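Scroll down for the structure; my scribbles are underneath it.
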Amino acid sequence: MSQIAASEEHRLTDAVVARIADAPDPRVRETLQALVRHLHAFVREVRPTEAEWATAIDFLTRTGQICDDRRQEFILLSDTLGVSMLVDEINYGRGGASTETTVLGPFYVANPPVCANGDDIGRGLAGEALFVEGVVRAAGGSSLANAIVDVWQSDDQGRYDLQFDDPDMFFLRGRFRTDAAGRFAFWSIMPKSYPIPTDGPAGSLLAAAGRHPFRPAHVHFRIEAAGHQPLVTHVFVAGDEYLTSDVVFGVKDSLIADFQRRTHTQPLAGPSIDRPHRYLRYDFVLADARAKAAAAG
Ligand code: BEZ
Ligand code: FE
């Protein structure tokens with residue numbers, strides 16, 4: 001390419017950036033200008049033909065068209081391209097006293113069925129019985145009573161309720177409240193590793209990239225308590241074959257736990273369990289809400 005052509009390409013970028021200079025909100029200005037700079041740099045590097053650019057536009061169009069109340073293809077794209085975990089890393093980082101975070105994913109429901117501690121979210125589904133319990137604490141160690149604990153997971157075939165066509169079908173999800181000692185407990189079934197939905201644009205992109213679509217088996221948690229930052233995370237099943245190649249890059253070592261095989265458990269509260277089951281004990285630590293406010297300046 002001639003020098004004249006190259007400088008004309010940059011002149012175009014500069015013109016668009018300048019056109020945004022008067023955006024009233026400084027954060028909008030900064031964000032849009034960066035978007036234009038990076039998007040133009042991408043196009044200059046890839047040098048798409050017109051047909052290729054039309055394919056890209058069609059891809060994004062189909063991504064929007066497949067979205068509805070139960071399907072969120074943009075989240076899938078963000079997840080599979082590692083952007084969701086990059087945003088997670090930027091906002092929550094590593095280390096610190098609180099439990100590590102990971103992606104929310106597309107299968108969260110904001111107001112899941114309300115459950116009592118000890119309830120079975122599997123509600124008779126086939127699968128290996130799993131008992132889960134733990135304590136929710138503040139970073140200083142004190143237990144947090146009345147925290148909201150939302151849980152959701154796949155069935156023993158690796159499917160979520162939202163993947164079925166029935167809008168009223170909910171299974172393997174629920175909302176618990178911690179008791180006075182910060183404890184929660186529920187019955188479920190062992191989750192299974194599963195392919196994320198591959199029948200849409202995100203799946204086509206994975207196939208084009210030669211990537212597998214699997215996530216290692218896990219249970220999702222979203223925990224909220226007054227005065228604390230909400231925590232979005234999963235607990236992964238130790239030994240799963242996809243722990244090192246999660247399609248959404250969501251695994252952190254501290255979130256991998258042993259789902260023990262047992263015939264006897266004395267839970268933190270309530271009568272003993274004397275039958276074969278898997279057992280997960282996982283305690284969560286929530287960061288103080290003021291820590292985030294202070295970090296934000
Ligand atoms: C999930 O774990 O539910 C999930 C996360 C990201 C993409 C697809 C599914
Ligand atoms: Fe999941």
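No lab work stands behind these numbers, since they all come straight from the coordinates. Keep in mind it's a predicted model, so treat the numbers as computed, not measured. Reconstructed Cβ throughout: ideal geometry from the backbone, glycine too, with neighbour counts over all protein chains shown.
Per-residue packing, averaged as other Cβ atoms within 10 Å, sorts the ranges 98-104, 71-77, 218-224 into the order 218-224, 98-104, 71-77, beginning with the highest. At full extension, ASP274 and ALA54 could sit 73.0 nm farther apart than now, given 0.36 nm per residue minus the alpha carbon distance.
Specify the angular offset, from 0 to 90 degrees and rounded to the nearest 10, of the alpha carbon long axis of helix 50-65 from the longest principal axis of the alpha carbons in the chain. Roughly 30 degrees between the two axes. Using a Gaussian network model of the chain with C-alpha springs under 10 Å, which one of ASP283, ASP69, ASP120 is most mobile by mean-square fluctuation? Of ASP283, ASP69, ASP120, the Gaussian network model singles out ASP69 as fluctuating most. Each Lys and Arg contributes +1 and each Asp and Glu -1, all at the Cβ; summed about the Cα centre of segment 3-75, the dipole is approximately 140 debye. Selection among VAL16, GLN65, TRP53 by position relative to the dipole of segment 8-93 gives VAL16 as farthest towards the positive end (Cβ unit charges, Cα centre). DSSP assigns beta bridges within the chain; of those with both partners inside it, close to 75 percent run antiparallel.
Between THR13 and ARG62, how high is the FRET efficiency from 1/(1 + (r/R0)^6) when r is the Cβ-Cβ distance and R₀ = 30 Å? Nearest 0.05.
Calculated transfer efficiency: 0.60.
What is the sum of charges around ARG278, taking Lys and Arg as +1, Asp and Glu as -1, for the other residues whose C-beta is under 10 Å from the C-beta of ARG278? For residues surrounding ARG278, the net value is 0. Computed from Cα positions, the angle between helix 83-92 and the longest principal axis of the chain comes to roughly 70 degrees.
Taking the longest Cα principal axis of the chain as reference, the axis of helix 26-46 is set at about 70 degrees. Here the gap between SER254 and ALA208, fully extended at 0.36 nm per residue and compared with their Cα-Cα distance, gives a gain of 13.3 nm.
If you average over every viewing direction, what projected area does the convex hull of the Cα atoms of the chain give, in nm²?
Details: hull surface 77.1 nm².
Over every viewing direction, the Cα hull of the chain projects on average to 19.3 nm².
Each label was represented as a point 7 Å from its Cα along the Cα-to-Cβ direction; for GLN3 and PHE42 these points are 3.1 nm apart.
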